[in-house]
Amino acid sequence: MELQTALTTLAMPPFAPLVGMLMALAFWFFPAGSPLAKLSVPLAVLCFVSLWICATPAFAQWLGQRLVNQQPTAPEVEPAAVVILGGGRYRDEEQGRERLSAASLERVAWAVQEAPEGMPILVSGGRVFAGEKQPESALMASALEDLFGRNVTWRENCSRTTAENAANSAALLHDAGVENVLLVTHWWHMPRAADVFARAGLQVRPLAVGGPGELVPRGESGLLRWLPSGGALIRTQVYWRELLGMQWYRWRALPARRQC
């Protein structure tokens with residue numbers, strides 16, 4: 001998974017513009033008049049402008065709108081189970097402590113608040129990186145049971161990606177005779193997740209955390225929409241990763257059920 005994460009980083013800003021700036025600096029030292037030396041300044045300007053644009057709220061909003069247009073429609077079926085997808089964890093390697101990330105905890109709380117109370121729950125998420133102690137599903141189950149008093153029916157412990165979430169969860173649910181699910185994840189992750197769960201043979205009713213109204217937070221309107229910020233760059237990375245992931249999944253077969 002470390003390799004996959006590294007390759008994803010290579011495909012997202014700010015890595016590519018920064019590499020371009022380094023190349024422009026190297027080209028500057030080539031003999032004057034050579035094609036590469038002439039390319040140095042235009043390349044530096046292009047990379048600077050690209051990085052600036054990627055870090056603006058306006059561009060993050062435009063990119064997020066592409067995900068809004070991909071939001072799935074709810075089928076006319078009654079779901080028989082709730083599926084909550086993990087969204088990461090916080091880990092203190094020195095102390096060996098692990099807890100749910102804000103995204104994972106938000107998904108758990110959203111499911112408790114919005115899903116029907118008596119509906120059985122499946123939590124999905126394994127160990128993504130080396131050294132992680134518990135599967136993410138165990139952390140989610142503990143939160144549901146200890147903090148919210150909700151029972152967890154199934155724990156899918158082995159998946160590391162959204163595609164594996166779908167393949168493993170579908171196998172568990174099919175064994176239990178469940179074909180229709182209420183899927184809980186963030187709105188920006190929902191198009192990719194709903195698509196791959198449908199490919200795994202489940203009827204998916206989305207129960208998305210948040211919504212498109214979050215694309216431009218307060219304090220990022222007017223002129224500020226065109227000024228770069230760390231928050232906007234993070235949103236650009238999140239949305240860009242989802243759009244790339246959707247295309248990647250469409251070209252790849254669904255993985256087999258992963259054992260661990």
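Condition test on Ser50, is it surrounded by 13 or more Cβ atoms within 10 Å (Cβ to Cβ), over 18 Å from the mean Cα position of the chain (by Cα) and farther than 18 Å from Arg241 by Cα? Spelling it out, it is not the case that Ser50 is surrounded by 13 or more Cβ atoms within 10 Å (Cβ to Cβ), over 18 Å from the mean Cα position of the chain (by Cα) and farther than 18 Å from Arg241 by Cα.
Condition check ((1) in contact (Cβ under 8 Å) with a residue 40 or more places away in the chain; (2) in a loop (DSSP other than H, G, I, E, B); (3) out of contact with any strand residue (DSSP E or B) (no Cβ under 6 Å at 6 or more places or on another chain)) across all residues:
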residue	(1), (2), (3)
Lys38	no, no, yes
Gln70	yes, yes, yes
Pro75	yes, yes, no
Trp110	yes, no, no
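When Arg205 is tested against the conditions (1) touching a residue at least 60 places away in the same chain (Cβ under 8 Å); (2) more than 23 Å from Thr56 (Cβ to Cβ); (3) open to solvent by less than 10 Å² (accessible area, probe 1.4 Å); (4) out of contact with any Ser or Thr (no Cβ under 9 Å at 6 or more places or on another chain), the lone failure is (3). Evaluate the following for Leu18: is it over 30 Å from Gly131 (Cβ atoms) and of a type in the set (A, V, I, L, M)? Judged against the criteria, Leu18 is not a match. Filtering Leu223, Leu215 for residues that are open to solvent by 60 Å² or more (accessible area, probe 1.4 Å), under 30 Å from Ala55 (Cβ atoms), more than 14 Å from the chain's Cα centre (by Cα) and modelled with pLDDT under 95 leaves a single hit, Leu223. Can Arg99 be described as surrounded by fewer than 16 Cβ atoms within 10 Å (Cβ to Cβ), touching a strand residue (DSSP E or B) at 6+ places or on another chain (Cβ under 6 Å) and closer than 16 Å to Ala143 by Cα? In short, yes. In the stretch 113-138, the qualifying residues are those that are in contact with a strand residue (DSSP E or B) (Cβ under 9 Å, 6 or more places away or on another chain) and outside any loop (DSSP other than H, G, I, E, B), and the one that is most open to solvent (accessible area, probe 1.4 Å) is Glu114. From the list Leu43, Leu67, Leu10, the one residue that fits, being under 30 Å from Ser124 (Cα atoms) and surrounded by 15 or more Cβ atoms within 10 Å (Cβ to Cβ), is Leu67.
Restricting attention to the stretch 229-260, the residues being open to solvent by 60 Å² or more (accessible area, probe 1.4 Å), outside any helix (DSSP H, G or I), touching a residue at least 60 places away in the same chain (Cβ under 8 Å) and of a type outside the set (Lys, Arg) number 3.
The values are calculated or read from the model by the stated rules, or taken from the named source; none is laboratory data. Keep in mind that this is a model prediction, so the values were computed, not measured. No Cβ is skipped: glycine too gets one built from the backbone with ideal geometry, and neighbour counts run over all protein chains shown. Areas reflect the complete protein model, heavy atoms only, side chains present, ligands, DNA and RNA absent. Shrake-Rupley method; radii C 1.70, N 1.55, O 1.52, S 1.80 Å.
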